[in-house]
1. List the residues, sorted by chain then number, that are 5 or more residues from Leu58 or on another chain and whose placed amide H is less than 5 Å from its amide H.
2. Could you sort the peptides 153-163, 108-118 by per-residue average Cβ neighbour count (10 Å cutoff), highest mean leading?
3. Tally Lys/Arg at +1 and Asp/Glu at -1 over every other residue whose Cβ is under 11 Å from the Cβ of Phe31; what's the total?
Amino acid sequence: MPQIPFRIFLLISLLAMLIVGIQVGVLTIAFERLDLTKDSALLLLITIMGGSMINLPLLSMKSERPNLDEMPSQLRELYRDMPYTGRTLVMVNVGGCLAPSAFCFYLMAHHPMNLFNVAVAVSAVALLSYKTSRSIPGVGLGMPVFFAPLLATLLSVSLDPQNAAPMAFISGTLGVLIGADLMHFPEIRKMGTPLASIGGAGSFDGIFISGIVAVLLT
């Protein structure tokens with residue numbers, strides 16, 4: 001393989017550090033808008049990002065044999081060589097499910113929000129997430145990124161302008177988790193994958209980004 005000149009390598013490294021710095025800065029600003037201190041915001045960010053690599057086993061269920069013809073081409077060889085066990089291990093992702101859900105309940109306990117309005121916003125985002133998400137054989141669930149946070153923002157600003165930021169995070173996060181993951185739970189048997197993670201894989205991006213973008217838009 002050709003060697004990368006040191007100057008180009010240094011430029012790429014600096015660009016990567018700049019992108020990461022901007023992302024961390026944006027995320028920190030979003031959490032600060034939820035009345036967190038900088039230290040608390042950074043701790044929550046580390047917990048969510050670090051927790052995204054941790055999956056806790058929940059249950060094992062019977063599943064159907066994967067249909068290789070419906071899988072992305074890059075996964076066919078992998079699944080062709082993988083022994084079929086007839087079961088799928090369902091797990092819960094710490095960073096994409098447990099940590100953001102716990103933070104949502106923290107926000108509800110520390111902000112004077114009308115629980116009926118919260119339920120309406122979460123239900124609406126969940127329904128939209130369910131309708132716009134789809135199962136990808138051998139991979140999991142996928143959905144458009146920005147539909148859910150836009151709806152969460154509009155509903156939060158309309159229903160409770162004084163608490164728009166926390167309501168947007170709650171409805172954007174729980175709505176996607178419920179609609180894109182939990183409401184599709186019966187379809188796990190048909191995905192043809194040995195592992196399935198609630199709040200993990202592709203749905204982590206949808207859950208995490210929805211909450212953050214919704215807060216930034218309020």
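Since every read-out is calculated from the coordinates, none of them should be taken as a lab result. Because the structure is a prediction, the values reported are computed rather than measured. Cβ atoms come from the backbone with ideal geometry, glycine included; neighbour counts cover every protein chain shown.
1. It is Val90, Met91, Val92, by chain and number.
2. The most tightly packed comes first, giving 153-163, 108-118.
3. Spelling it out: positives minus negatives among the neighbours equals -1.
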